[in-house]
Amino acid sequence: MLKVGLLGAGRIAGVHATAISSHPGSTLVAVSDINQAAAQKLAAQYGAEARDTDAIIADPAIDAVLIATSTDTHSDLIERATAAGKAVLCEKPVDLSLERARACQKVAAANGKPVMIGFNRRFDPNFGALKAALEAGEIGKPELLAITSFDPAPPPVAYIKVSGGLFRDMMIHDFDMANFIMGEAPVSVSAVGSSIVDPEIGAAGDVDTAVVTLTYADGRIAVINNSRRAVYGYDQRVELLGSEGLLQAQNMLENTVVKSTVNGVTGAKPTYFFLERYMPAYAAEWYAFVEAVTSGGPLPVTLDDGVAALAMAEAATLSAQSGAPVRLDSI
Ligand SMILES: NC(=O)c1ccc[n+]([C@@H]2O[C@H](COP(=O)([O-])OP(=O)(O)OC[C@H]3O[C@@H](n4cnc5c(N)ncnc54)[C@H](O)[C@@H]3O)[C@@H](O)[C@H]2O)c1
């Protein structure tokens, strides 16, 4: 039985608390948060104790910690938890700063404990099936990847200000998805961004709409489209054109009813947001972590994957500012 401490008791921590408690091979021992009331509430819900972060990290009876705190705390907590001998699953992104994330990567490697980054979309059954079909050779050689990732509505501007920007906070998932499907990082990143949805987001120094083009050493191309607003729901699709055909992973819908009348043919909207769409993926992510840690096998997503996606986010941020493509080897 893997004994787990959960750091953070906010939005995503609640999802992870459910996954940890539902897994037959793990138990949620303790929860911490700088907001003690939040930690107490979440801990009580799952029969765990509320403790402070230091006490969780120092407890030799805790085998693993799940870091679901605000992004600017991730590198410090990864370093401290691995130094204390814990296996770690840390939410994305690794850090707001690429330099800090790279320093953390060195410290964690020296500490020698497993660190997985929470790129939950790799565990979505639809994207997993697309990747499996690609690997089975069903569309031949991949040539053009298109990732669509639209949120239903923008977050508050107060969140935008501390998020690190759309490329680090939101598109980071799509950078990792591109790396997952293409099997390697691109050589160059070209980005265009705009604050057409909410000028307040622009005033806060961020963009809410962006297109990124990734080019690969062998000539393959990937395009990522992001928007903070899609009025019809959470739009999450992947399309991959290969030499022998096309693979498309479509949205999950609120229901499967299709209405056909004299007025036309209509169906349900996509599920509202990430909590609805990716709940099975969060559970599968936790299963994969427990399996790797308890068997000593390879992690399905590593800290290196987290740093690789952050480097692409950094390159995209610079490209959107300068208007020129940025080579990843210059980052
Ligand atoms: N993988 C995903 O789909 C996904 C979805 C949402 C958020 N996230 C990531 O998860 C992290 C948390 O996001 P959220 O939406 O849950 O935010 P949130 O603000 O709801 O929760 C963060 C919590 O961390 C606590 N906290 C901050 N510093 C702390 C510290 N030093 N020690 C203990 N607790 C501390 C805050 O008090 C807060 O309760 C972010 O890094 C975000 O990027 C990932």
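So here's what we get for this one:
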| quantity | calculated |
| --- | --- |
| Three-way shape call for segment 193-331 based on the alpha-carbon gyration tensor, with the a/c threshold at 1.5 | oblate |
| Relative contact order computed over the chain (Cα-Cα under 8 Å; 6+ residues apart), in percent | 19 percent |
| Separation between Cα centres of segment 78-145 and segment 218-257, rounded to whole Å | 21 Å |
| VAL187 versus ASN35: modelled label distance in nm, points set 7 Å from Cα along the beta carbon direction | 4.7 nm |
| The chain: antiparallel DSSP beta bridges as a percent of all, rounded to 5 | 55 percent |
| Amide H contacts of VAL31 (H built 1.01 Å from N, under 5 Å, at least 5 apart or other chain) | LEU6, GLU49, ALA50, ARG51 |
| Pair LEU246, ALA58: separation of 7 Å Cα→Cβ label points (nm) | 6.0 nm |
| Modelled FRET efficiency - R0 45 Å, THR294 with SER194, Cβ distances, 0.05 increments | 0.45 |
| Estimated dipole of segment 26-114 in Debye, rounded to 20 [Cβ of Lys and Arg +1, of Asp and Glu -1, Cα centre] | 240 debye |
| Spatially proximal lysines relative to LYS141 (Cα-Cα < 26 Å; intrachain offsets below 8 disregarded) | LYS131 |
| Size of charge dipole - segment 158-241 - debye, nearest 20, with Cβ of Lys, Arg +1 and Asp, Glu -1, no other charges | 60 debye |
| Alpha-carbon centroids, segment 294-331 and segment 1-56: separation in whole Å | 29 Å |
| In sequence order, calculated HN-Hα J values of segment 83-98 (Karplus, 6.51, -1.76, 1.60; Hz; x Gly/Pro) | 5, 8, x, 8, 6, 10, 10, 10, 4, 7, x, 4, 6, 7, 9, 5 |
| For the chain, accessible area per residue (1.4 Å probe, heavy atoms of protein chains only), Å² | 44 Å² |
| Dipole magnitude (debye, nearest 20) for the chain, charges at Cβ of Lys, Arg, Asp, Glu | 300 debye |
| Accessible carbon and sulfur surface of segment 105-188 relative to its total accessible area, %, 1.4 Å | 59 percent |
| Low-density loop positions, chymotrypsin sites (Phe, Trp or Tyr not before Pro), segment 138-206 - DSSP coil, at most 14 other Cβ in 10 Å | none |
| Placed amide H near LEU253: partners under 5 Å, 5+ positions off or other chain | THR271 |
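The values are calculated or read from the model by the stated rules, or taken from the named source; none is laboratory data. What you see is a predicted model, and the numbers here were worked out from it, not measured in a lab. No Cβ is skipped: glycine too gets one built from the backbone with ideal geometry, and neighbour counts run over all protein chains shown. Side chains are part of the model used for accessible areas, which takes the heavy atoms of the whole protein and leaves out ligands, DNA and RNA. Shrake-Rupley method; radii C 1.70, N 1.55, O 1.52, S 1.80 Å.
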